[in-house]
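Just below is one structure, and these are the notes that go with it.
The values are calculated or read from the model by the stated rules, or taken from the named source; none is laboratory data. This structure is a prediction, so every number in the text was calculated from the model and none was measured. Virtual Cβ from ideal backbone geometry, glycine too; neighbours counted across all protein chains shown.
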Amino acid sequence: MPPRAVTKSVRKTGGLFDGVKSNVEALIIGVKYFIDPKRMTMFYPKEYLEHRPGYRGFIVLKKEVCISCAACARICPSAAMKMVRVSEVDPKEPAKQRQKQYPVINYQRCIFCGYCVDVCPVEALYHLPFHDVTYESLGDMFLTLDLFQKEPLRPVEKEGVPVVYEVDETLGLVKRERKGGG
Amino acid sequence: MMVLETILYLIAYPPLWHVLIVGLLGAFFTAVVAIWFERKTAARVQRRIGPYWASPRLGGFLNLIADMIRYILQEVIIPRSVDRVPFVLAPVAAFVISIMPMAFVPLSPYEKFWPVPNMDYSLLLALAISTVPPLMSIIGGWASNNKFSIIGSIRESYVITAYELIFVISLLSAAATYTSLNLLTIVNAQSPIAWLLFLNPIAFLAAFLAVLMSTSAFPFEIPESEHEVVGGPYTEYSGILYALNMGGAYVRRFIYAVIMSLVFLGGWAPYVPPADGPLFAIIIPSLIVAIKAVILVLIMSFLRAVYGRYRLDQALDSAWRLVLPMALIGLGWGIVLGLIL
């Protein structure tokens, strides 16, 4: 059966004066917020966002746990993680040197997806709960094996106050100071 | 004391005081304050902070000063395809002409402080001159030779046809009430508190909406809406020419507000200027007028926080079907008032 054109009669809602009414309502809401603003801006260097556990931030390697399986380097979608070959003292036979591969990361490419942390069979990689760290040059963002094992400093923690955003029933997001040692 | 008196007389030399100090400096100051207020108010209503880090104690006011310096020092790029002379002249002419009505309004009841010898047709002259600057933005848009500017100019011309009649009719209601086009008569008749704002609020509201439309304040920011026609008539402008265009809207808003505060808010109304010396005869009354005008401009700026932008057809629809009848009702009520008073 072919489709038929049906004219629906939509009742015209609202005239000019309904428009006036809704304009006045909008103005009243504006004046209400102008008198009592409920701001939620974060003053960033003085306050910083305290992320929840499980946040996918900077990645740190535990070298002694790593088994050199290279799963992290293979799964990395942006090819930020590579394996490097290092020669080191074999812990079982201290007289001998051995060759082993470890991951290093290039933060120019990293998209903080966390696949490497998820795929690691021995949990040798873990996330830090932030990623607001600056580097002085692009070259510094290629981490060496030594740097990859250190947790980077977060400068904002020294001068700022941690805050969290919570969902309020009437206002939506509201900013609160973190309670206790959280 | 003679020296101080002489300096005061020099400052209050009418063309200097009216056009340069109250007109140019006042409009300039008002533009900066209004832009700052607009940004802070919109931020306040939308639960943000607005400009802050440039000067936390002044609420980020220095941010605007820095913006101004940037506009002054920026390179002015004149594209090869534009019509050079009108392209450069249009914003300058618009800025200069929009201050000109200040030469024809009285800021003092005494004749020696007027820039023109006679105030008999001052309302008509001020209105007539205030209708010229929008044409300049049309010229600038046309000279830019760019599709966005031409669309913006066409929108501007649509809006001009809508608001100009409203503005003139609603201000002429005051002339109908006091049977005079002399602004001084109108101001004196409203003293001390019988302001036309209270006697004829419908005409005041119509004039207020017409000013919003004419200076593309927020609900009617149609000619230069960024999302639709990049910068409207000002797409090709850069540097100081763009600042003249953008600040020109705020300057015009201030000048319109001065005319409105003379006609509707009673000018220097609660204050009765004595005849001695320039300080009490002109400087204080004109400050009162300017403060009333600034309050009007700030109320107009507040609307940015609340409103989105009307479509062109919605704005024209409300202008012709709602605001023009309002202006006509205001004119009729003005005539009735004239018969009563």
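For the range B:114-215, which helices (runs of 4 or more DSSP H) that fit wholly inside it have 3 or more residues that are within 28 Å of B:Ser81 (Cα to Cα) and charged (D, E, K, R)? Explain how you work it out, then say what you get.
Values: elements: B:122-130, B:133-143, B:147-178, B:183-190, B:196-199, B:201-214.
So the answer is B:147-178.
Count of the range B:45-63 residues, restricted to those that are within 14 Å of another protein chain (Cβ to nearest Cβ) and in contact with a Ser or Thr (Cβ under 9 Å, 6 or more places away or on another chain), is 5. Taken over the range B:237-272, the criterion of being part of a loop (DSSP other than H, G, I, E, B) and crowded, with 21+ Cβ neighbours inside 10 Å is satisfied by B:Tyr237, B:Phe264, B:Leu265, B:Gly266, B:Gly267, B:Trp268, B:Ala269.
Go through the range B:301-324 and report how many residues are farther than 19 Å from B:Tyr158 by Cα, under 21 Å from the mean Cα position of the chain (by Cα) and not aliphatic (A, V, I, L, M). First the steps, then the outcome.
Kept after step one, since they are farther than 19 Å from B:Tyr158 by Cα, are these residues of the range B:301-324: B:301-308.
Applying the additional criterion that residues be under 21 Å from the mean Cα position of the chain (by Cα) yields B:301-307.
Subsequent filtering for residues that are not aliphatic (A, V, I, L, M) retains B:301-302, B:304, B:307.
Total satisfying the criteria: 4.
Screening B:Leu287 with (1) touching a helix residue (DSSP H, G or I) at 6+ places or on another chain (Cβ under 6 Å); (2) at pLDDT 85 or above; (3) not acidic (Asp, Glu) gives one miss only, at (1).
Has the range B:263-276 got any residue that is among the β-branched types (Val, Ile, Thr), more than 24 Å from B:Gly330 (Cβ to Cβ) and under 16 Å from the mean Cα position of the chain (by Cα)? Can you show your working first?
Taking the range B:263-276 first, the residues among the β-branched types (Val, Ile, Thr) are B:263, B:272.
Then drop every residue that is not more than 24 Å from B:Gly330 (Cβ to Cβ), which leaves B:272.
If we keep only those that are under 16 Å from the mean Cα position of the chain (by Cα) too, we end up with none.
Checked the range B:263-276: no residue is among the β-branched types (Val, Ile, Thr), more than 24 Å from B:Gly330 (Cβ to Cβ) and under 16 Å from the mean Cα position of the chain (by Cα).
Being away from chain B (no Cβ under 14 Å), out of contact with any helix residue (DSSP H, G or I) (no Cβ under 8 Å at 6 or more places or on another chain), farther than 30 Å from B:Ile202 by Cα and modelled with pLDDT under 85, is that true of even one residue in the range A:10-18? Within the range A:10-18, one or more residues are away from chain B (no Cβ under 14 Å), out of contact with any helix residue (DSSP H, G or I) (no Cβ under 8 Å at 6 or more places or on another chain), farther than 30 Å from B:Ile202 by Cα and modelled with pLDDT under 85. On the basis of being of a type in the set (S, T, N, Q), farther than 26 Å from A:Glu50 by Cβ and exposed (fewer than 11 other Cβ atoms within 10 Å of the Cβ), does A:Gln108 make the cut? In short, no.
Contact map, the range A:16-27: residues that are under 20 Å from B:Leu324 (Cβ atoms) paired with residues that are at pLDDT 70 or above and surrounded by 11 or more Cβ atoms within 10 Å (Cβ to Cβ), Cβ distance under 7 Å, separation 6+ or inter-chain. Pairs shown: A:Leu16/B:Arg321; A:Leu16/B:Leu322. From the list B:Val3, B:Val19, the lone residue that is touching a helix residue (DSSP H, G or I) at 6+ places or on another chain (Cβ under 6 Å) and either over 30 Å from A:Gly30 (Cα atoms) or without any contact (Cβ under 8 Å) to a residue 40 or more places away in the chain (or both) is B:Val19.
Just one of A:Arg74, A:Arg85, A:Arg4, A:Arg52 is assigned to a helix (DSSP H, G or I) and more than 12 Å from chain B (Cβ to nearest Cβ); which is it? Steps first, please.
Working: A:Arg85 fails: assigned to a helix (DSSP H, G or I); A:Arg4 fails: assigned to a helix (DSSP H, G or I); A:Arg52 fails: assigned to a helix (DSSP H, G or I).
That would be A:Arg74, the only listed residue that is assigned to a helix (DSSP H, G or I) and more than 12 Å from chain B (Cβ to nearest Cβ).
Among the numbered conditions (1) assigned to a loop (DSSP other than H, G, I, E, B); (2) within 14 Å of chain B (Cβ to nearest Cβ), the only one that A:Ser68 does not meet is (2).
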